[in-house]
1. Can you find a residue that is among the aliphatic types (A, V, I, L, M) and either within 21 Å of T11 (Cβ to Cβ) or under 14 Å from the mean Cα position of the chain (by Cα) (or both) anywhere in the range 50-63?
2. From the residues in the range 127-151 that are under 26 Å from T43 (Cβ atoms) and among the basic types (K, R), which one is surrounded by the most Cβ atoms within 10 Å (Cβ to Cβ)?
3. In the range 191-211, how many residues are under 20 Å from the mean Cα position of the chain (by Cα) and exposed (fewer than 14 other Cβ atoms within 10 Å of the Cβ)?
4. Pull up the range 193-214, narrow it to residues that are among the charged types (D, E, K, R) and modelled with pLDDT under 95, then point me to the one that is farthest from I168 (Cα to Cα).
5. Looking at the range 152-190 only, could you name the residues that are surrounded by 17 or more Cβ atoms within 10 Å (Cβ to Cβ), closer than 22 Å to Y123 by Cβ and not charged (D, E, K, R)?
6. Does the range 113-126 contain at least one residue that is among the basic types (K, R), surrounded by fewer than 17 Cβ atoms within 10 Å (Cβ to Cβ) and at pLDDT 95 or above?
7. Out of all the residues in the range 215-223, is one or more closer than 19 Å to I103 by Cβ, of a type in the set (F, W, Y), at pLDDT 95 or above and under 21 Å from the mean Cα position of the chain (by Cα)?
8. Of the residues V154, V145, V75, V82, which single one is touching a Leu at 6+ places or on another chain (Cβ under 8 Å) and under 27 Å from A30 (Cβ atoms)?
Amino acid sequence: MPNNQQLSQITRLELDFKIMFLDIRSLARAIYQAKTLQNLSLTLTDCYCHYPCHQNAEEIPPLHSLNSKALKLIVKGGSTMVKDVIQPLNRALRYLSPSEVDISLGETPMEALYYARGELFPYGSTIRLHISTSCDLLEILAGLVRRCNIARCVHFNAPLGYFSANEIETCNWWDFASLRHLRFENCDRLCEEDVKIMASNLLLDEADVGLQSLEFISCKNISEDFLLNLGDEVGERLIWSF
C-alpha cells in the first residue's frame with residue numbers, strides 16, 4: 001500500500017488480496033487518503049476478518065461525496081467472507097460516486113451486492129453486474145433503480161439469473177423510468193413469457209423518453225423467432241444477438 005503522501009496524489013489504485021486477513025477499517029482509512037482517486041479496482045479472494053468492522057461515523061466521508069470515473073470489484077469467496085469482509089467494505093466505499101461500477105461475483109453469494117440487509121451497494125450511472133450464482137434479476141434491478149436515481153445503464157451477465165413470479169406480479173414498472181439502456185447477457189434461465197412482460201411495460205412510451213434499448217445477448221432460453229415477433233410489437237429498441 002502506498003504511503004499517505006503518495007495516496008493523496010494518485011488517481012488510480014488497483015489492489016489484489018488473496019487468502020489473507022483483511023482489516024477493512026484500516027483499508028478504508030488508507031483509501032480515504034486518495035483525495036483525487038478516479039479509478040479504484042479491488043480483487044478479493046477468500047479473505048477473512050476475525051472481528052466485526054465498526055467505523056466511527058466521523059471517519060467516513062459523506063455519502064457519494066467523491067465523484068470518480070470507475071469502481072471495479074472482483075469477489076471470490078463464501079458467505080462468511082461476504083458478511084465479515086465484503087459488506088463492511090461496501091459500507092466503507094459508499095462515499096464514492098463513480099460513473100461506472102463493475103462488480104464480478106465468482107461463485108460468491110449475491111449478498112455481496114449489499115452493504116446491509118436489503119440495502120444494495122452499487123451506485124453509478126453505468127452498472128455492470130456479473131453474477132455466477134442463482135439470483136432474482138428483477139428483484140436486484142428494482143432495488144437498484146429505487147436506490148440509485150443516477151442509474152442510466154444496467155448490464156447483467158448472470159447464467160443462473162431469473163425473474164421470479166412474485167417480482168413480475170408486484171413490480172412497479174414506473175420505478176424504471178430513469179433507465180435508458182438495459183442489457184441481459186448469458187442469462188440462460190430467463191423465459192420468453194417474462195421477457196415479453198418486461199418489454200411490453202418498458203418499451204411502450206414515446207421513443208425519445210424512457211428506455212432507449214432493451215438487449216438480450218446469448219440468452220439460451222429465448223429464441224430468435226420469439227424476439228422477431230416481439231420486436232414487431234414493441235419496436236426497434238428491442239435488440240438481440242446470439
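The values are calculated or read from the model by the stated rules, or taken from the named source; none is laboratory data. Since the model is a prediction, treat every value here as computed from it, not as a measurement. FYI the Cβ positions are ideal-geometry reconstructions off the backbone, even for glycines, and counts take in every protein chain you see.
1. No, the range 50-63 contains no residue that is among the aliphatic types (A, V, I, L, M) and either within 21 Å of T11 (Cβ to Cβ) or under 14 Å from the mean Cα position of the chain (by Cα) (or both).
2. R128
3. Within the range 191-211, residues that are under 20 Å from the mean Cα position of the chain (by Cα) and exposed (fewer than 14 other Cβ atoms within 10 Å of the Cβ) number 0.
4. Only one residue fits best here, namely D208.
5. Matches in the range 152-190: C153, V154, H155, F156, N157, A158, G161, C171, F176, L179, L182, F184.
6. There is no residue in the range 113-126 that is among the basic types (K, R), surrounded by fewer than 17 Cβ atoms within 10 Å (Cβ to Cβ) and at pLDDT 95 or above.
7. no
8. Criteria check complete, one pass: V75.
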